[in-house]
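*Asks:* Sharing a structure, written as structure tokens. Questions coming.
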Amino acid sequence: SLTITVNVTNAGQTRAYLAAITPVGTSFTYDGTGKLPVSGTLTAYAEDSTSSNVVEIDTFTVMVEGLNDTTFHGETPDIPSGTNLADCDNLELPEEPGTYVLTISASTDTHYIYKSQVFTIDKATVTIKADDKSVYVGDDMPELTYTVSGLASGDSLRGTVSLSCEATDTNTAGTYTITPSGAAVPDTNHYNSEIVYQPGTLTILSRGGGGGGGSSSGGSS
């Protein structure tokens, strides 16, 4: 659907600029934290530059609105001029996947400001990576472990991750694939439904060779 925003100004008002406000991104990935697509200091200038020609505007309003099928409205008025957006702890920011528009506005008898930025928050993709392992010929088979990435803090997988290896013993030197499978993403609308599985490698070394192991955050025997 088409969204049209109309900004009405009074006769005699001149546009001012937020030269210090710069984009930091138009596409973000869900991680459970609020997203702000711009950064910088709320200072108005008469020209689109950070010259000394400052326009006296006392306060600004930052608003974020959901677009299309995204439901969200966050509005923070009366932010003092000179405030760095990074220091605005009370900004109402979206964290759910969707499409949004941020606007920064202000007005005096002589000047107005209206700056907008459209951005999206995409669903996260969960990746399960089998950790690489190294042992020597004749050693016990190592515990197979895996690392999960893409989950927001506090979220966990559903079900159980399974790990299988081409080698069932360590009698023969060589490299063998470790394959992860199983489990499912959390039952929310925050994640793509398909998990990305990345294999690892078991390296069985001849005596006298060198090697090391891999890090892990989960395990399967």
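The values are calculated or read from the model by the stated rules, or taken from the named source; none is laboratory data. Values in this document were obtained by computation on a predicted structure and should not be read as measured data. Neighbour counts are summed over all protein chains in view; Cβ atoms, including those assigned to glycine, are modelled from backbone coordinates with ideal geometry. Remember, those area values only see protein heavy atoms, side chains included, never the ligands or the DNA or RNA. Shrake-Rupley method; radii C 1.70, N 1.55, O 1.52, S 1.80 Å.
*Asks:* Count the lysine pairs in the chain that are 8 or more places apart or on different chains: how many have C-alpha atoms under 30 angstrom apart?
*Replies:* Total qualifying Lys-Lys pairs in the chain comes to 4.
*Asks:* In Å², and per residue, what accessible area does the chain have when probed at 1.4 Å with the other protein chains present?
*Replies:* Here the per-residue accessible area is 54 Å².
*Asks:* If you roll a 1.4 Å probe over the chain with all protein chains in place, what percent of the accessible area is carbon or sulfur?
*Replies:* The computed percentage sits at 44.
*Asks:* Could you work out how far the C-alpha centroid of the range 69-86 sits from that of the range 174-208, in angstrom?
*Replies:* That distance is 41 Å.
*Asks:* Can you give the net charge of the other residues whose Cβ lies under 12 Å from the Cβ of Ser153, counting K and R as +1 and D and E as -1?
*Replies:* Net local charge, Ser153 excluded: -3.
*Asks:* Right, another one. Mind telling me which of Gly66, Gly200, Gly159 comes out most flexible in a GNM of the chain, alpha-carbon contacts under 10 Å?
*Replies:* Gly159
*Asks:* Spelling out what I want: for every residue of the range 73-83, take phi, set θ = phi - 60°, compute 6.51 cos²θ - 1.76 cosθ + 1.60 (Karplus), and round to whole Hz; glycine and proline get x.
*Replies:* Listing the rounded values in order: 8, x, 9, 10, x, 6, 7, x, 4, x, 6 Hz.
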